[in-house]
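One structure is given below, represented as structure tokens, and several questions about it will come after.
The values are calculated or read from the model by the stated rules, or taken from the named source; none is laboratory data. Please read these numbers as outputs of a predicted model, since none were measured by experiment. When we count neighbours, we look across all protein chains shown, and the Cβ atoms used for this are built from the backbone with ideal geometry, even at glycine. Areas reflect the complete protein model, heavy atoms only, side chains present, ligands, DNA and RNA absent. Shrake-Rupley method; radii C 1.70, N 1.55, O 1.52, S 1.80 Å.
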Amino acid sequence: MPGPVSVDETHAVDDELVDAFQRLIPQLSRSNPSPTREELDEIVRSAASHLLVARDGDGRIVGSLTLVLFRIPTAVRAWIEDVVVDETARGQGVGEAMNRYALDLARKAGARTVDLTSRPSREAANRLYQRLGFKQRDTNVYRIDIDG
């Protein structure tokens, strides 16, 4: 991975982006399929979603992060979701660069806090989040499967 990593927000869906997600999502989740071109386009067009991609020094997409911003009655809320770094680029600052970019976007949008979740088994990611200043919250996370 020659050269520094760069991070930008994606504003258009092309074959390169679709191919990158076909490669990256299986590294994040074995149970969820990669998004289709149409689903990626929906994310990119949404005012609430900010799809970030990281590129290595050769311009290859090596990571992705989605920042979701929305207003509720008490504040602007920000969530970081679906952070994935290609296995070939892990440990090289890609995750940190994407998170710092997302935190800056959230700050500029008026969010005072940013939330995320991370499975305990993702030890390197959890160390990164703590190093960036994220604190583990004492809260209950609930989920309901509304399809079944």
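So, in region 106-123, exactly how many residues are open to solvent by 50 Å² or more (accessible area, probe 1.4 Å) and assigned to a helix (DSSP H, G or I)?
Count: 3.
Something else now. Report those strands (runs of 3 or more DSSP E) wholly inside region 1-105 carrying at least 2 residues which are more than 25 Å from Asp115 (Cβ to Cβ) and free of Cβ contacts under 8 Å to residues at least 40 places away in the same chain.
none
Tally the residues that are of a type in the set (Gly, Ala, Ser), over 19 Å from Trp79 (Cβ atoms) and either in contact (Cβ under 8 Å) with a residue 24 or more places away in the chain or touching an Asp or Glu at 6+ places or on another chain (Cβ under 9 Å) (or both), restricting the search to region 119-136.
1
Of all residues being open to solvent by 50 Å² or more (accessible area, probe 1.4 Å) and of a type in the set (Asp, Glu) in region 51-82, which is nearest to Arg107 (Cα to Cα)? Just the residue, please.
Only one residue tops the list, namely Glu81.
Quick check, is Leu28 within 25 Å of Ser121 (Cβ to Cβ), open to solvent by less than 80 Å² (accessible area, probe 1.4 Å) and modelled with pLDDT under 95?
Values: within 25 Å of Ser121 (Cβ to Cβ): yes; open to solvent by less than 80 Å² (accessible area, probe 1.4 Å): yes; modelled with pLDDT under 95: yes.
Spelling it out, Leu28 is indeed within 25 Å of Ser121 (Cβ to Cβ), open to solvent by less than 80 Å² (accessible area, probe 1.4 Å) and modelled with pLDDT under 95.
Quick check on this structure: which one of Asp8, Asp41 is out of contact with any Ser or Thr (no Cβ under 8 Å at 6 or more places or on another chain) and open to solvent by 70 Å² or more (accessible area, probe 1.4 Å)? Don't jump to the end; show me each part of the working.
Values: Asp41 fails: open to solvent by 70 Å² or more (accessible area, probe 1.4 Å).
Step by step, each of Asp8, Asp41 is checked, and only Asp8 is out of contact with any Ser or Thr (no Cβ under 8 Å at 6 or more places or on another chain) and open to solvent by 70 Å² or more (accessible area, probe 1.4 Å).
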